[in-house]
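This report refers to the structure that appears directly beneath it.
The values are calculated or read from the model by the stated rules, or taken from the named source; none is laboratory data. Remember, predicted model here, so these are calculated numbers, not experimental data. Note: ideal-geometry Cβ built from the backbone for every residue, glycine included; neighbour counts use all protein chains shown.
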Amino acid sequence: MSGATGVESKAVSARRREILDYVLENGGAQIEELVERFSTSRMTIHRDLHALSEQGLVRKVHGGVTMLASGVMETSVVHRLRRASREKQAIARVATNFIKAGDIIALDDSTTSRILSENLPSGMPLTVLTNSMGIATQLAGMRDISLICLGGKYHPRFDAFLGILCEQGTKSLRANTLFMSVSAVRDLGAYHQEQEIVKCKMALMEIVDRRILMIDSQKFDVTALNRLANLSDFDVVITDSGVSESQKNRMLDAGINLHVAPLDDTPPASRSVPL
């Protein structure tokens, strides 16, 4: 009996960590959304959220849960970097194939873009525009990188600069390619939980010749509040081979220029568009 109880306790702890990661990624969630995502009952989700709330990790609101604007929540970037890290690394490796010497590239505040910044080809002269403090710190002082930081109000929760100053500064520039990510993809639409972040991403989308969306397979068929764009608004969509066949085929059938990054020894999808 005690062994069974121990296994159950580990399962509960694991589920609560996953719920916390999901809320950190999206800024909040609805009860029904969590019930569907974690395939459990409303009562179980309520118990999980109550436990997380008691630990001071989230704030329960009517019908759902949100993040706390506290020092604990400033670790959200770390949580997001750990989430789907293998998938993001694979996506970043494919994304580097779209970069050539002399390019002006824009990187949004997403953790996938941060991982891409760590994988930029060495010795290749580039100009990089970003509103991410983490990316700016990563690239600062690199000999071949001309770094332009987009200003605005700094938000520790996202480790990024946001707001009207960031948007206005962005619109005064021009770049070759934007690499960006979102919180969720559903029904061939790209979504993000935070409206202020959506505005900055939209501003970046307006100043580039080519838009590349990097989206790991765990973000499909989940929900976030604000619609950013249709997948067809992007010139390239990169995901990983963990994406379901139905999702992959749906994108390809819709004419999406899809590239599937292999995970480990998984071969590239045969229907993806050649690089």
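Any residue in region 230-247 that is polar (S, T, N, Q) and touching an Asp or Glu at 6+ places or on another chain (Cβ under 6 Å)? Taking every residue of region 230-247 in turn, none turns out to be polar (S, T, N, Q) and touching an Asp or Glu at 6+ places or on another chain (Cβ under 6 Å). Taken over region 151-186, the criterion of being touching a residue at least 24 places away in the same chain (Cβ under 8 Å), buried (at least 18 other Cβ atoms within 10 Å of the Cβ) and under 15 Å from ILE207 (Cα atoms) is satisfied by CYS166, GLU167, THR170, ALA175, THR177, LEU178, PHE179, MET180.
All of SER117, SER76 fail the test of being under 17 Å from the mean Cα position of the chain (by Cα), crowded, with 16+ Cβ neighbours inside 10 Å and at pLDDT 85 or above, apart from SER117.
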